[in-house]
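The values are calculated or read from the model by the stated rules, or taken from the named source; none is laboratory data. Given the structure is predicted, the values throughout are model-derived calculations rather than measurements. Here the Cβ positions follow ideal geometry from the backbone for every residue, glycine too, while neighbour counts run over all protein chains shown.
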Amino acid sequence: MARKKRPVETIIRVEGVTKTFLSGEDQRQKLYVLRGIGLEIGRGQIIVVVGASGAGKSTLLHIIGTLDRPTSGKIYYEGVDVFSLNDERLARFRNEEIGFVFQFHHLLPEFTALENVAMPAMIMGKKFQRVKESALGYLKAVGLEDRAFQRPPNLSGGEQQRVAVARALMNSPKIILADEPSGNLDSANAQILHDLIWNLSRQYGHTFIVATHNESLARKADRTVRIVDGVIQRVS
């Protein structure tokens with residue numbers, strides 16, 4: 001049975017985004033990574049970006065997440081051209097509106113799972129005591145409430161990545177970007193993570209944009225964007 005499409009409001013619009021890097025010994029050769037990407041992303045959708053290694057998936061996610069600037073083109077969040085913001089306002093926007101999950105969890109080993117989850121709120125200047133109940137709630141949402149006071153070295157790989165997902169949720173961002181989030185997990189833990197992403201999107205209304213090679217996650221997505229050599233080949 002064909003998947004029923006839900007009417008959605010556009011939350012992100014990508015217009016004509018290109019990205020080039022200088023390469024070679026003299027730094028004069030241009031390496032074209034993205035070649036004019038145009039894309040609209042709906043609120044509350046799960047969008048999976050697929051493509052071979054080097055196709056431009058991670059670069060696109062980094063630009064959508066404002067971690068990198070495009071060579072040309074624009075990114076609009078709810079109609080706002082985010083790259084027109086100064087660095088300070090852009091950093092505040094990124095911390096408040098976007099959550100990140102990477103292939104390597106990047107948890108701080110000296111802090112507990114609970115403290116790691118609370119970190120984005122603490123970066124905003126909030127005290128740990130004020131936000132720890134919210135952080136605990138997000139750990140509960142990913143099934144790790146009972147591991148709150150363990151440090152990352154005492155957690156399995158799958159548990160560490162679920163803590164990273166909880167951390168991405170901490171500031172109630174509208175957008176969560178995940179770059180190969182299950183790339184380091186075995187198939188069982190990858191499936192747990194994929195189910196978690198789907199359930200969280202439906203429960204909280206987050207928009208997930210996920211770069212992955214995993215076809216099972218692509219099948220669960222609302223839309224799949226296939227990139228070949230820096231160009232969108234197909235959206236399905």
| query | Of all residues in the stretch 187-207, which are touching a Gly at 6+ places or on another chain (Cβ under 9 Å) and over 13 Å from Y138 (Cα atoms)? | reply | A188, N189, A190, I192, L193, S201, R202, G205, H206, T207
| field | the stretch 180-236, residues that are in contact (Cβ under 8 Å) with a residue 40 or more places away in the chain, basic (K, R) and either on the phi > 0 side of the Ramachandran plot or in a strand (DSSP E or B) (or both) | value | R223, R226
| said: Among the residues of the stretch 101-112, what is the count of those that are among the hydrophobic types (A, V, I, L, M, F, W, C) and touching a Phe, Trp or Tyr at 6+ places or on another chain (Cβ under 7 Å)? | reply: 0
| request: Would you mention how many residues in the stretch 198-220 are at pLDDT 80 or above and surrounded by 18 or more Cβ atoms within 10 Å (Cβ to Cβ)? | output: 9
| Given the structure, is Q150 among the polar types (S, T, N, Q), under 26 Å from E215 (Cβ atoms) and in contact (Cβ under 8 Å) with a residue 12 or more places away in the chain? | no
| said: Anything in the stretch 70-126 that is touching a strand residue (DSSP E or B) at 6+ places or on another chain (Cβ under 9 Å) and small (G, A, S)? List them, or say none. | reply: S72, G73, G79, S84, G99
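How many residues, within the stretch 86-110, are outside any helix (DSSP H, G or I) and out of contact with any His (no Cβ under 9 Å at 6 or more places or on another chain)? Walk me through how you get there before you give the answer.
Start the filter on the stretch 86-110 by keeping residues that are outside any helix (DSSP H, G or I), which leaves 86, 98-110.
Then keep just the ones that are out of contact with any His (no Cβ under 9 Å at 6 or more places or on another chain); that gives 86, 98, 101-110.
Result for the stretch 86-110: 12.
Output the residues belonging to the stretch 48-58 that are closer than 23 Å to Y32 by Cβ and at pLDDT 90 or above. Show your work before the answer.
As a first pass, look at the stretch 48-58 and keep what is closer than 23 Å to Y32 by Cβ: 49-58.
Hit for the stretch 48-58 is V49, nothing else.
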| Does the stretch 116-133 hold any residues that are closer than 25 Å to G183 by Cβ and of a type outside the set (A, V, I, L, M, F, W, C), and which are they? | N116, P120
| request: Among the residues of the stretch 221-236, count how many are loosely packed, with under 15 Cβ neighbours inside 10 Å and either within 21 Å of A164 (Cα to Cα) or of a type in the set (V, I, T) (or both). | output: 2
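If you take the residues in the stretch 21-34 that are in a strand (DSSP E or B), of a type outside the set (F, W, Y) and modelled with pLDDT under 90, which one is surrounded by the most Cβ atoms within 10 Å (Cβ to Cβ)? Steps first, answer last, please.
Here is the first cut: in the stretch 21-34, the residues in a strand (DSSP E or B) are 21-23, 29-34.
Add one more test, that the residue is of a type outside the set (F, W, Y), and what stays is 22-23, 29-31, 33-34.
With modelled with pLDDT under 90 added as a condition, the list becomes 22-23, 29-31, 33.
Working: L22: 10, S23: 11, Q29: 11, K30: 12, L31: 11, V33: 19.
Among residues in the stretch 21-34 that are in a strand (DSSP E or B), of a type outside the set (F, W, Y) and modelled with pLDDT under 90, the one surrounded by the most Cβ atoms within 10 Å (Cβ to Cβ) is V33.
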| said: Looking at F83 and the list (1) modelled with pLDDT of 90 or more; (2) assigned to a helix (DSSP H, G or I); (3) closer than 26 Å to G183 by Cα, which single condition is not satisfied? | reply: (3)
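Just checking, which of D146, D186 is of a type in the set (D, E, K, R), surrounded by fewer than 22 Cβ atoms within 10 Å (Cβ to Cβ) and within 15 Å of A135 (Cα to Cα)?
Details: D186 fails: within 15 Å of A135 (Cα to Cα).
Residue meeting the stated conditions: D146.
Residue-by-condition table, conditions (1) exposed (fewer than 13 other Cβ atoms within 10 Å of the Cβ); (2) in a loop (DSSP other than H, G, I, E, B); (3) polar (S, T, N, Q):
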site	(1), (2), (3)
D68	no, yes, no
Y76	no, no, no
N116	no, no, yes
A121	no, no, no
K126	no, yes, no
R130	yes, no, no
| message | Is it the case, given these coordinates, that I176 is touching a residue at least 12 places away in the same chain (Cβ under 8 Å) and in a strand (DSSP E or B)? | response | yes
| said: Going by what's in this entry, would F100 be described as surrounded by 13 or more Cβ atoms within 10 Å (Cβ to Cβ) and more than 17 Å from D179 (Cα to Cα)? | reply: no
